[in-house]
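The values are calculated or read from the model by the stated rules, or taken from the named source; none is laboratory data. These numbers were taken from a predicted model, which means no experiment stands behind them. Here Cβ is always computed from backbone atoms with ideal geometry, including for glycine, and neighbour counts include all displayed protein chains.
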Amino acid sequence: MERAYSLLEIKSLDAERRTFSGIASTPELDRQGEILDPAGVTFKNPLPLLFHHDQKLPVGRVTLTKTADGIAFEASIPKFDEPGRFKDRVDEAWHSIKAGVITGVSIGHRILEGGVLYLKSGARKLTKTEICELSLVTIPANANATILLVKSLAPARRTENSAMKQTTAEHIQNLENKRAALAARMTEIMETAAGDGSTLEPEPADEHDGLTVQVKSIDADLARWREMERLQITTATAVPPTPALRTASLPVISVRPNVPPGTAFVRAACAKLVCNGNIRDAVEYAKRWDDSTPEVALYLKAAIAPGTVTDATWAGPLVNQNIANEFIELLRPATILGKIPGLRNVPFNTKVPAQTAGGTYGWVGEAKPKPVTKLAFSSTSLSITKAAGIIVLTQELIKLSNPSAEALVRADMIAGIAQFLDTQFIDPAVAAVAGVNPASITNGAPTAAATTNPMADIMGLINHFATNNIAVDGVTFIMSAANALSLSFRSNLDGSPQYPGLSINGGTYKGLTFITSQAAGGNVIALQPSLILYADDGGVTIDASQEASLQMDSAPMSPADATTVYVSLWQTNTVGLRAERFINWNKANANAVKYLTAAAWPAPTGVSTTDNGVKK
């Protein structure tokens, strides 16, 4: 027997007959990660009303009706005067409702054949079900259920001042909900008579007539409240801005948790791993971080109902809530691609035109014919390629038992992807493979051997761009940290730095940008970023598996043969975390890059690299 938790919204309460009616609304994601479609629900009235889904503890009867808002119900709990266990049980159920202790209902249902639809969010949509019972429960799916219940069951406690706290819109909504429940009961009464082919009995006829009077009264009240709402709108006065706001725009203020960037992304991935991909359990697991990264639970949880960006307690926090982008923001600065300013960003699979040759021009004498010339163009496009890697971690590490383990997972993911992308971007040995990977920007690029004079080497690279009619403005250099450090040690005769602005981390000099990366090795690469086409979908896809078998090799055999060795993640109690990033690049001009080889610029005289840069 399946269960679907739902919102208990009490519409009427008859203390004399121990009856209450309302709407058990279920077309929303429940605590089991399921969505119950009311259109596919079947039931046979009356149904048993149970206490906490215990078939041995019936407390009454319930009648269900389909409405536009979901499944409406009318339940009754009998009065029983004879002392005994049954009297105690039904009295406990009724008193729990009146006291507001019981705050929710849960539908017990059976899934019919072909009645399950799996959604991309991981939730299951139940399209064909049979409802077998309705239970009173203490855990509603909606936190507001308790408030609605208390307001409905304790009218005597509501003073005139508390009633005035409701807005006009809330009054209208409450009346519309009450009318829907009454209309549903009227429909049920008439459908019962139509099914029997007979006229209404006196008792249901009286009930129907009484409901008709209530509906008419509610319609009259609705007309009055809607008129009041219209008047309030027409007479509303806008709040005048303060003088300060007339002259200056409001700053955009955002509140961020005091955790390292990328923490939310890693926590979301690890929550899925710990809970074996079960979204519902992952949401509950992620609640342990609500004090620092509440967006993790929001990211994992599927949307329940339409909302607006102005709703500060529901849909508003979801606006621009993409924790995968947070990991990308952290990854990009950690890579060469993230450090180079001015790369020409283009979409995937889109042709980009480039001029390859200019026209022919010359001096023309008086009355002489002018030469006819033409331009030469080509086009290129960046296909969809992806960089991927699998990191294998132990279950103990994934459990995130302490902050240091969480930091280790985060650092490992960043370092692994960053190192791979850096090498692929600038390694001259990386050639293009159709449909697999792009060539590095240095592959096939002109090159020169480095000398012991760094200034001459740098000027030689700059002259390459000038000679090929490529703008020097914005040229960027990529080199090892050791070469950058050597430049930073050099000084003029007066002791001032020869390359001010440079350090072991790179920097700027004379309008040129210097980036350091150990992937550069002995090469010093100069490039014009505006001539480097760069496509990136801006997201990292993280998938996880605990049952797969892997080739534990950084260069797995493809295709595999009989000698291939696989390691079972399940058997070794480990988890494979796969990261994928769709990215591609290409040179728009063959001369957009030139690099030096075997660059090992010596430290200046008087500086020993073995003495931490201290002059002897």
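Need pairs with beta-carbon distance below 6 Å; first residue under 12 Å from ASP219 (Cα atoms) and within region 172-193, second of a type in the set (Asp, Glu) and in a helix (DSSP H, G or I); sequence gap 6+ or separate chains.
From residues that are under 12 Å from ASP219 (Cα atoms), the pairs are LEU175/ASP221.
Does region 433-450 hold any residues that are modelled with pLDDT under 90 and not in a strand (DSSP E or B), and which are they?
ALA434, GLY435, VAL436
Residue under question is ASP311, and the condition is that it be of a type in the set (Asp, Glu), farther than 25 Å from ALA579 by Cβ, surrounded by fewer than 14 Cβ atoms within 10 Å (Cβ to Cβ) and modelled with pLDDT under 75; does it hold?
Yes.
Across region 485-511, what is the number of residues that are hydrophobic (A, V, I, L, M, F, W, C), in contact (Cβ under 8 Å) with a residue 40 or more places away in the chain and either out of contact with any strand residue (DSSP E or B) (no Cβ under 6 Å at 6 or more places or on another chain) or in a loop (DSSP other than H, G, I, E, B) (or both)?
Residues in region 485-511 being hydrophobic (A, V, I, L, M, F, W, C), in contact (Cβ under 8 Å) with a residue 40 or more places away in the chain and either out of contact with any strand residue (DSSP E or B) (no Cβ under 6 Å at 6 or more places or on another chain) or in a loop (DSSP other than H, G, I, E, B) (or both): 1 in total.
Across region 353-400, what is the total count of residues that are touching a strand residue (DSSP E or B) at 6+ places or on another chain (Cβ under 9 Å), of a type in the set (Lys, Arg) and at pLDDT 70 or above?
Of the residues in region 353-400, 1 are touching a strand residue (DSSP E or B) at 6+ places or on another chain (Cβ under 9 Å), of a type in the set (Lys, Arg) and at pLDDT 70 or above.
If the requirement is being in a strand (DSSP E or B) and at pLDDT below 70, which of these qualifies: LEU49, LEU13, LEU57?
None of the others qualify; the one that does is LEU13.
Any idea which residue in region 587-597 is surrounded by the most Cβ atoms within 10 Å (Cβ to Cβ), counting only those that are in contact with a strand residue (DSSP E or B) (Cβ under 8 Å, 6 or more places away or on another chain) and modelled with pLDDT of 90 or more?
The residue in question is VAL593.
Would you check if there is a residue in region 248-263 being at pLDDT 75 or above, assigned to a helix (DSSP H, G or I), under 34 Å from the mean Cα position of the chain (by Cα) and on the phi < 0 side of the Ramachandran plot?
Scanning region 248-263, I find at least one residue that is at pLDDT 75 or above, assigned to a helix (DSSP H, G or I), under 34 Å from the mean Cα position of the chain (by Cα) and on the phi < 0 side of the Ramachandran plot, so the answer is yes.
Evaluate the following for LEU550: is it surrounded by 14 or more Cβ atoms within 10 Å (Cβ to Cβ) and closer than 19 Å to ALA334 by Cβ?
No; evaluated as a whole, the condition is false for this residue.
Yes/no per residue for (1) modelled with pLDDT under 70; (2) part of a strand (DSSP E or B); (3) touching a strand residue (DSSP E or B) at 6+ places or on another chain (Cβ under 7 Å):
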| residue | (1), (2), (3) |
| --- | --- |
| TRP94 | no, no, no |
| GLY100 | no, no, no |
| VAL105 | no, yes, yes |
| GLY108 | no, yes, yes |
| SER135 | no, yes, yes |
| PRO140 | yes, no, yes |
| LEU149 | yes, no, yes |
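Looking at (1) surrounded by fewer than 20 Cβ atoms within 10 Å (Cβ to Cβ); (2) in contact (Cβ under 8 Å) with a residue 24 or more places away in the chain, which one does ILE583 not meet, given that it meets all the others?
Checking ILE583 against (1) surrounded by fewer than 20 Cβ atoms within 10 Å (Cβ to Cβ); (2) in contact (Cβ under 8 Å) with a residue 24 or more places away in the chain, the one that fails is (1).
Might you check whether a residue that is closer than 22 Å to LEU337 by Cβ, assigned by TED's automatic domain parsing to the domain that holds LYS594 and touching a Gly at 6+ places or on another chain (Cβ under 6 Å) occurs anywhere in region 444-464?
No, the conditions are met nowhere in region 444-464.
Which residues, counting only those in region 401-426, are modelled with pLDDT of 70 or more and of a type in the set (S, T, N, Q)?
GLN419, THR423, GLN424
Check whether at least one residue in region 524-545 is assigned to a loop (DSSP other than H, G, I, E, B) and at pLDDT below 90, and report yes or no.
No; the residues of region 524-545 include none that is assigned to a loop (DSSP other than H, G, I, E, B) and at pLDDT below 90.
Which pairs do you get when a residue that is in the same structural domain as SER76 (by TED's automatic domain parsing) and under 22 Å from ASP543 (Cβ atoms), found in region 109-135, comes within reach of a residue that is among the aliphatic types (A, V, I, L, M) and modelled with pLDDT under 80, reach meaning Cβ atoms under 6 angstrom, with the pair 6+ apart or on two chains?
Listed pairs, sorted by first residue: SER121/ALA302; GLY122/ILE279; ALA123/LEU29; ALA123/ILE35; ALA123/ALA302.
So for region 473-495 (the condition being in contact with a Lys or Arg (Cβ under 7 Å, 6 or more places away or on another chain), within 20 Å of GLN419 (Cα to Cα) and either modelled with pLDDT of 90 or more or not assigned by TED's automatic domain parsing to the domain that holds ALA449 (or both)), does at least one residue qualify?
No, every residue in region 473-495 fails to be in contact with a Lys or Arg (Cβ under 7 Å, 6 or more places away or on another chain), within 20 Å of GLN419 (Cα to Cα) and either modelled with pLDDT of 90 or more or not assigned by TED's automatic domain parsing to the domain that holds ALA449 (or both).
Note down all Cβ pairs under 7 Å where the first residue falls in region 324-352 and is at pLDDT 75 or above, the second is hydroxyl-bearing (Ser, Thr, Tyr) and in a helix (DSSP H, G or I), and they're at least six residues apart or on different chains.
As it stands, the answer is GLY342/SER530; ARG344/SER530, since those pairs meet every condition given.
Can you find, within region 524-547, the residue that is surrounded by the most Cβ atoms within 10 Å (Cβ to Cβ) among those that are among the polar types (S, T, N, Q) and farther than 19 Å from ALA418 by Cα?
The extreme case among them is GLN528.
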